[in-house]
1. Please state the shape class of the range 97-150: rounded when a/c is under 1.5, otherwise prolate if a/b exceeds b/c and oblate if not, all from the C-alpha gyration tensor.
2. First measure r as the distance between the Cβ atoms of residue 17 and residue 138, then evaluate 1/(1 + (r/R0)^6) with R0 = 41 Å and state the FRET efficiency to the nearest 0.05.
3. Spin-label point model (7 Å from Cα, Cβ direction): what's the residue 100 to residue 76 distance in nm?
4. Going by average Cβ neighbours within 10 Å, how do the peptides 134-143, 112-121, 56-65 rank, with the highest at the top?
5. Calculate how many DSSP beta bridges within the chain are antiparallel, expressed in % of all such bridges and rounded to the nearest 5.
6. Can you list the residues, at least 5 places off or on another chain, whose amide H is less than 5 Å from the amide H of residue 29, using H built in the peptide plane?
7. Taking only protein heavy atoms into account and a 1.4 Å probe, give the accessible area per residue of the chain in Å².
8. Per-residue accessible area for residue 20 at 1.4 Å probe radius, Å² rounded to 10?
Amino acid sequence: MNANLKISAVLVLITGNLCDGNLVLTRRSEKLRTHGGEISFPGGTKEDLDLDLKETALRETFEEINVTGKQINLIDELPEVSTSTGYLIKPYFGILKEPFEFIKNSSEVSDIIQIPILDLISGDCNRTEALLLENNSIVERPMYSYQQNVIFGATSRIIDNLLLSIKEYC
């Protein structure tokens, strides 16, 4: 692992049942220094008081959308994803135990977005972006689009990993 990467964790949260629930995402506040206005999962950088990355993901989820660890049935971990901005992200995957009205922390989150899992599985939201690299090669990366919300970068790669892990069940 690159020692210069900032270690972080996110919670990939689904409301309702695995296959017909909604994936919960946040739009980061424009006021934030990094990734302002982008769509992401609740989460953030590991702090010294966090025992592990799972605790980081749960703490940040509570801070951002007011969901506590007791309200979540943690299912699994997803593969780590790194970003071009120097983050290594460990995603944890869970299901909200019961219906919940999210309360956003407006200093960190400008919107809470819920995307039906079935729309993601069906491919209705799938897009790709082509990136031109320094060596003039082109790499295609996954993107998602839902109701004028464009999801790209690490968040879209995490969604890809989620869909790979649940597709046999849905």
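The values are calculated or read from the model by the stated rules, or taken from the named source; none is laboratory data. Just so you know, these numbers come straight off a predicted model, no measurement behind them. Ideal geometry is used to build each Cβ from the backbone, glycine not excepted, and the neighbour counts take in all protein chains shown. Note: accessible area is taken over every heavy atom of the protein model, side chains too, but ligands, DNA and RNA are not part of it. Shrake-Rupley method; radii C 1.70, N 1.55, O 1.52, S 1.80 Å.
1. oblate
2. The calculated FRET efficiency here is 0.60.
3. Calculated label separation equals 2.1 nm.
4. Final packing ranking: 56-65, 112-121, 134-143.
5. Rounded to the nearest five, the antiparallel share is 80 percent.
6. 37, 109, 110
7. Accessible surface, normalised per residue, equals 56 Å².
8. 100
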